[in-house]
Amino acid sequence: MFKNFLFTLLLLVITGVAVCAQGKKDTIVLSQVVLKGPPIKNALQNTASSISVITEADLNKSDGIVLTPVLNKIPGVTMQQGALNTNRITIRGIGARSQYGTTKIKAYFDGIPLTSAEGETTIDDIDLAAIERIEITKGPNSTSFGSGLGGVIQLFSREIPSLESFGKSSLTSGSFGLLQQRLSAGYSNAKYNLYSSYTDLQSEGFRDNSSYNRKSFNFHGRQKITAHSSLSFLGIFTKLKAFIPSSLNETDLENNPQNAATTWAAAKGYESFDKFMLGLGYSHQLSEKWVLQTSVFANLKDAYEPRPFDILDENTSSFGFRANVNYKEQLFSRPFELSFGTELLSENYQYSLFENEYQSQPGQGSIEGDKFSDIRQNRKYANYFLQMEIWLLSSLHLETGIAFNTTKYTLNDVFENTPENPFTFGEVWSPRLGLSYKVSPGKNLFASVSKGFSVPSVAETLTPEGQINTNLKPEIGWNYEVGFKGNWSAKLYTEVTLYSTQIKNLLVARRTADDQYVGINAGSSSHSGLEFIINYKLYDGQHFQLTPYVSGAVNTFEFKDFVDGDADYSGNELTGVPDEQYNFGVDVNTRCGWSLNSSFRMTGKIPLNDANTKYTERYSLLDVKTAYVFTILKHLKTELHAGVNNALDAKYAASIVPNMVAFGNAAPRYFYPGNPVNYYGGFSVAYVFR
């Protein structure tokens with residue numbers, strides 16, 4: 001039935017092409033976009049680093065459910081999606097050996113950290129409709145954002161066009177019980193810019209024990225106080241309950257990918273949480289030369305997770321402050337700008353572990369037993385930064401900066417009544433230097449050298465006896481890159497980057513039990529690669545535009561010096577990241593409101609363990625989406641959309657668990673199966689008034 005609906009909708013929108021009038025030409029060049037994330041604003045074309053910008057139009061080319069297909073179009077970025085609530089993002093191989101989540105990458109939403117004080121990042125519970133733009137800085141090229149060894153992902157909330165207001169209702173349904181309902185509204189005048197949305201996302205999931213329900217409310221806005229000052233605010237509430245199918249062994253991946261792991265299915269394992277994110281920002285133009293920007297923010301989370309081996313009950317509360325002052329002047333008759341500031345974060349984390357007695361009453365799911373652990377942690381993070389940019393010549397732009405970071409942990413075992421155990425990783429300095437040279441109008445060469453770091457998590461610092469390993473050191477990485485950004489005409493844009501990141505004090509999570517890891521500094525790794533982008537407006541006529549694109553990354557990631565116990569993995573390929581990844585696509589846009597977007601992604605093999613004795617298979621995914629936008633009675637903007645993901649019905653591992661260890665006679669469960677071919681469709685109606 002749903003396939004028939006999809007076919008009818010596709011036929012409808014394709015037929016609409018026949019009534020298209022004169023085409024609307026798109027002359028916007030992405031490289032001319034001014035970046036919003038850095039304290040010192042600059043055009044993408046002139047930056048001395050590899051930064052990718054994802055626009056609202058790019059987000060609308062996907063199903064609107066998850067960021068995975070969007071981020072995987074960015075060269076050097078890999079997002080593995082095991083389930084709607086299980087994913088891992090890596091940039092240039094950094095963080096690839098993390099077991100389940102995203103580490104060593106910083107993320108922000110409107111300047112509010114989405115990264116915890118110990119370095120774990122979660123962005124999958126942000127409603128995509130609230131996002132207008134994403135900026136991704138690859139490698140440790142952002143001095144002002146601290147410990148992102150792999151890079152920084154910055155999300156920016158949606159802004160309402162000037163003097164426009166709307167109310168909107170939308171619905172998307174699809175395979176495996178997918179249903180997303182959303183109500184949103186926006187208001188804008190000379191003083192206010194406000195947006196709010198409520199989203200209810202549900203899915204039964206392709207696999208057993210994988211149903212998902214997330215409700216989220218978002219409210220953000222900006223108020224102009226005076227001609228020189230403004231106030232911004234952000235509030236996000238998320239309520240989630242998501243069952244966990246967990247990973248499978250190779251036999252089940254091939255023969256029964258819809259199954260959940262046996263123990264997780266028996267325990268009916270899931271995670272649930274209530275989460276608040278709050279922020280308040282203030283910007284003031286002190287004079288023609290001085291600008292002050294400040295913000296305060298808080299993150300609160302109450303979570304509960306029954307797992308086969310125990311039940312986790314945790315609470316997190318963090319509060320922070322960020323400020324920067326910019327000074328703009330002429331230095332030796334050349335444009336010069338200086339920015340200095342700080343980011344401070346204090347986080348309290350409490351968790352208790354209970355026995356899971358699901359085996360005592362089969363079929364009933366998880367049953368909470370006696371408490372056997374109660375831990376309190378306090379994490380404090382401080383980053384101070386100084387950044388300077390100057391045009392040395394009319395065609396030569398210099399970027400330089402330095403950051404200073406301290407990270408401290410305090411651990412208190414309440415269950416064992418032990419005293420607080422403080423620990424610090426000392427002081428870390430992170431310098432950066434970059435140059436961008438304008439070869440000719442629209443064409444720039446750039447080069448940069450930068451240093452980044454990543455501190456171990458609290459769990460990685462603990463020994464099996466629960467003591468802090470004071471010998472652990474932060475991972476340190478030096479990054480070197482050169483590149484070219486070029487607009488060859490209004491139709492063709494190309495970008496190519498060569499980079500090499502050398503990491504020492506490589507942090508390894510050695511698995512000692514089903515949910516226990518021990519961190520060790522085991523050596524060094526080398527991350528080198530080539531990234532490229534080609535966007536070409538093949539046809540720009542009166543009736544439609546045809547824009548093909550291709551992007552890709554070729555990686556050489558390996559352990560330089562890596563000894564773990566008696567095993568020597570030096571020279572082996574880095575675990576958990578593909579050796580190559582390519583994206584091909586075609587976008588078709590017409591004046592009558594019809595659009596077609598296609599994306600074909602090829603992913604190379606991935607080493608599953610440090611010994612390189614096991615790899616995933618290469619795979620390719622084809623996604624297609626079509627939409628038709630039209631207006632009824634001048635004010636009702638209506639959209640019909642439909643699409644298919646994994647149109648070729650490829651069988652593949654959407655995510656893997658690196659270095660999975662099997663216990664007993666069981667085979668190691670490395671794999672999260674990807675969804676087979678799946679369909680979706682929906683509509684939205686917005687009342688827009690000006």
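The values are calculated or read from the model by the stated rules, or taken from the named source; none is laboratory data. If you're wondering where the values come from, they're calculated on a predicted model, not measured in any experiment. Cβ: placed from backbone, ideal geometry, glycine included. Neighbour counts: every protein chain shown.
Scanning region 27-36 for residues that are at pLDDT 90 or above and either crowded, with 17+ Cβ neighbours inside 10 Å or within 17 Å of L435 (Cβ to Cβ) (or both) yields a count of 1.
Among L149, L178, L128, which is the only one that is at pLDDT 95 or above and within 23 Å of T86 (Cα to Cα)?
L178
Considering region 253-287, the residues that are touching a residue at least 60 places away in the same chain (Cβ under 8 Å) and acidic (D, E) include one that is nearest to N299 (Cα to Cα), namely E271. Quick check: is even one residue across region 619-626 out of contact with any strand residue (DSSP E or B) (no Cβ under 7 Å at 6 or more places or on another chain), of a type in the set (G, A, S) and either more than 30 Å from A522 (Cβ to Cβ) or outside any loop (DSSP other than H, G, I, E, B) (or both)? So far as region 619-626 goes, no, none of its residues is out of contact with any strand residue (DSSP E or B) (no Cβ under 7 Å at 6 or more places or on another chain), of a type in the set (G, A, S) and either more than 30 Å from A522 (Cβ to Cβ) or outside any loop (DSSP other than H, G, I, E, B) (or both).
Inspection of region 316-325 finds no residue satisfying the criterion of being more than 24 Å from the chain's Cα centre (by Cα), under 29 Å from K215 (Cβ atoms) and hydrophobic (A, V, I, L, M, F, W, C). Taken over region 560-609, residues that are small (G, A, S) and over 22 Å from T68 (Cα atoms) amount to 5.
Looking at G139, G167, can you tell me which residue is surrounded by 21 or more Cβ atoms within 10 Å (Cβ to Cβ) and of a type in the set (G, A, S)?
Numbers: G167 fails: surrounded by 21 or more Cβ atoms within 10 Å (Cβ to Cβ).
One residue alone meets the criteria, G139.
Is it true that some residue in region 146-157 is β-branched (V, I, T) and within 30 Å of Q377 (Cβ to Cβ)? Yes - at least one qualifying residue is present in region 146-157.
Tell me which residues, restricted to region 591-615, are polar (S, T, N, Q) and in a strand (DSSP E or B). Within region 591-615, S595, N597, S598, S599, T603 meet the criteria.
Can you pull out the residues in region 386-417 that are of a type in the set (F, W, Y) and touching an Asp or Glu at 6+ places or on another chain (Cβ under 8 Å)? First the steps, then the outcome.
At the first step, the residues of region 386-417 found to be of a type in the set (F, W, Y) are 391, 404, 409, 415.
F404, Y409, F415, listed by residue number.
Residues of region 450-476 that are modelled with pLDDT of 85 or more, within 16 Å of G119 (Cα to Cα) and not aliphatic (A, V, I, L, M): G452, F453, S454, K473, P474, E475. State whether the residues of region 629-640 include one that is of a type outside the set (F, W, Y), surrounded by 16 or more Cβ atoms within 10 Å (Cβ to Cβ) and not in a strand (DSSP E or B). No, there is no match, as no residue in region 629-640 is of a type outside the set (F, W, Y), surrounded by 16 or more Cβ atoms within 10 Å (Cβ to Cβ) and not in a strand (DSSP E or B).
Of the residues I126, I160, only one is β-branched (V, I, T) and in contact (Cβ under 8 Å) with a residue 40 or more places away in the chain; which? Write out each step before concluding.
Numbers: I160 fails: in contact (Cβ under 8 Å) with a residue 40 or more places away in the chain.
One residue alone meets the criteria, I126.
Taking the conditions exactly as written (part of a strand (DSSP E or B), small (G, A, S) and within 23 Å of E475 (Cβ to Cβ)), does A323 satisfy them or not? Here the answer is no, as A323 does not meet what is asked. Among the candidates V661, V657, V688, single out the residue that is closer than 28 Å to G95 by Cβ, buried (at least 16 other Cβ atoms within 10 Å of the Cβ) and at pLDDT below 95. That would be V657, the only listed residue that is closer than 28 Å to G95 by Cβ, buried (at least 16 other Cβ atoms within 10 Å of the Cβ) and at pLDDT below 95.
Have a look at E357, E399 and point out the one that is surrounded by 17 or more Cβ atoms within 10 Å (Cβ to Cβ), at negative phi and not small (G, A, S). It would help to see each step written out before you state the result.
On the way: E357 fails: surrounded by 17 or more Cβ atoms within 10 Å (Cβ to Cβ).
Just a single option satisfies the conditions, and that option is E399.
Name the residues in region 289-303 that are closer than 30 Å to D370 by Cα and surrounded by fewer than 16 Cβ atoms within 10 Å (Cβ to Cβ), would you? If you could, list the steps in order and put the result at the bottom.
At the first step, the residues of region 289-303 found to be closer than 30 Å to D370 by Cα are 299-303.
Those that are closer than 30 Å to D370 by Cα and surrounded by fewer than 16 Cβ atoms within 10 Å (Cβ to Cβ): L300, D302.
Note on region 483-561: enclosed strands (runs of 3 or more DSSP E) holding 1 or more residues that are under 25 Å from Q45 (Cβ atoms), modelled with pLDDT of 85 or more and not aliphatic (A, V, I, L, M) are 492-504, 523-536. Considered as a group, the residues in region 438-457 that are touching a Phe, Trp or Tyr at 6+ places or on another chain (Cβ under 7 Å) and not hydrophobic (A, V, I, L, M, F, W, C) include one that is farthest from K104 (Cα to Cα), and that residue is N444.
Looking for whichever is of a type outside the set (A, V, I, L, M, F, W, C), without any contact (Cβ under 8 Å) to a residue 40 or more places away in the chain and more than 28 Å from I89 (Cβ to Cβ) here; the options are D568, D561. Which one fits?
Working: D561 fails: more than 28 Å from I89 (Cβ to Cβ).
Going through D568, D561 in turn, the sole match is D568.
Suppose the filter is on the phi < 0 side of the Ramachandran plot, free of Cβ contacts under 8 Å to residues at least 12 places away in the same chain and exposed (fewer than 15 other Cβ atoms within 10 Å of the Cβ); does Q330 pass it?
Details: on the phi < 0 side of the Ramachandran plot: yes; free of Cβ contacts under 8 Å to residues at least 12 places away in the same chain: yes; exposed (fewer than 15 other Cβ atoms within 10 Å of the Cβ): yes.
Yes; evaluated as a whole, the condition is true for this residue.
Among the residues of region 368-386, just one is at pLDDT 95 or above, surrounded by 15 or more Cβ atoms within 10 Å (Cβ to Cβ) and either within 15 Å of F309 (Cα to Cα) or out of contact with any Ser or Thr (no Cβ under 8 Å at 6 or more places or on another chain) (or both), namely E368.
Of the residues Y615, Y619, only one is over 30 Å from K491 (Cα atoms) and either crowded, with 19+ Cβ neighbours inside 10 Å or touching a helix residue (DSSP H, G or I) at 6+ places or on another chain (Cβ under 7 Å) (or both); which?
None of the other options fit; the residue is Y619.
Annotation note: of P140, P161, the sole residue that is under 30 Å from I503 (Cα atoms) and either part of a loop (DSSP other than H, G, I, E, B) or more than 21 Å from the chain's Cα centre (by Cα) (or both) is P140.
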